[in-house]
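What follows is a single structure, written as structure tokens, with notes after it.
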Amino acid sequence: MKESTLDAKRLRQVAGCFPTGVTVLSVHTPDGSVHGMTASSFLSVSLTPPLVLFSVMNENQLNSYLEVGAKLGISILNENMEGVSNHFAKIALLEEAPVFVDRNEAPVLEEAHAWYATTVEQLIPAGDHVLVLCRVEALDANLADNPLVYYQGYKNIK
Ligand SMILES: Cc1cc2nc3c(=O)[nH]c(=O)nc-3n(C[C@H](O)[C@H](O)[C@H](O)COP(=O)(O)O)c2cc1C
């Protein structure tokens, strides 16, 4: 194994050696629409109280809607939702925007593999990202399908 050097490209490469699921984080915006952003930095933090965490790049638009007390939905994507992931990462927009439904005032994707309805509890600056700690208010999962996995690209776990 080569010695590590801490340039951005290498950091991204090595961080990409850790497989994750894929989520869409979503909030209601002041103009009455929903803003969604694809994120793989999701982490379950605490059971009592129920807390989850993710990190958002400072310059991402989602950041402008994040404040303590905001209602935020987290949708875990299923294996058929690669297009949805690319849509909310602005890689390739779908012709028909995915549908959100409200759970405890937080928008979540209707077709999600699993979802959390949360309230933003803390925003913690962390380099070029902000860590967003959220309290879980409600949640559910569709255990009949499989999650979408991200590891050097999208993977199917079957
Ligand atoms: C699989 C995948 C995972 C991603 N994970 C994150 C993440 O955890 N945090 C983040 O800030 N951006 C992440 N991104 C990038 C954002 O989705 C992308 O920059 C998006 O266009 C930002 O949207 P916004 O500026 O409209 O909020 C990810 C993208 C992909 C494809």
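Every read-out reported here was derived from the displayed coordinates using simple, explicitly stated rules and does not represent laboratory data. Because the structure is a prediction, the values reported are computed rather than measured. Backbone-built Cβ (ideal geometry, glycine too); neighbour counts: all protein chains shown.
Before moving on, here are some points about what is shown:
- Cleavage-rule hits (trypsin sites (Lys or Arg not before Pro)) in the range 40-144: DSSP loop, at most 11 neighbouring Cβ within 10 angstrom: 90
- Order of 124, 74 - criterion: other Cβ atoms within 10 Å of each residue's Cβ, fewest first: 124, 74
- When the range 90-144 is reduced to its Cα atoms, the Kirkwood hydrodynamic radius in Å: 13.4 Å
- The ranking of 45, 34 from fewest to most other beta carbons within 10 Å of each one's beta carbon is 45, 34.
- One compactness figure for the range 37-153 is 1.04, namely its Cα radius of gyration divided by 2.2 N^0.38 Å.
- The range 4-80 and the range 89-125: distance between their alpha carbon centers, rounded to Å: 10 Å
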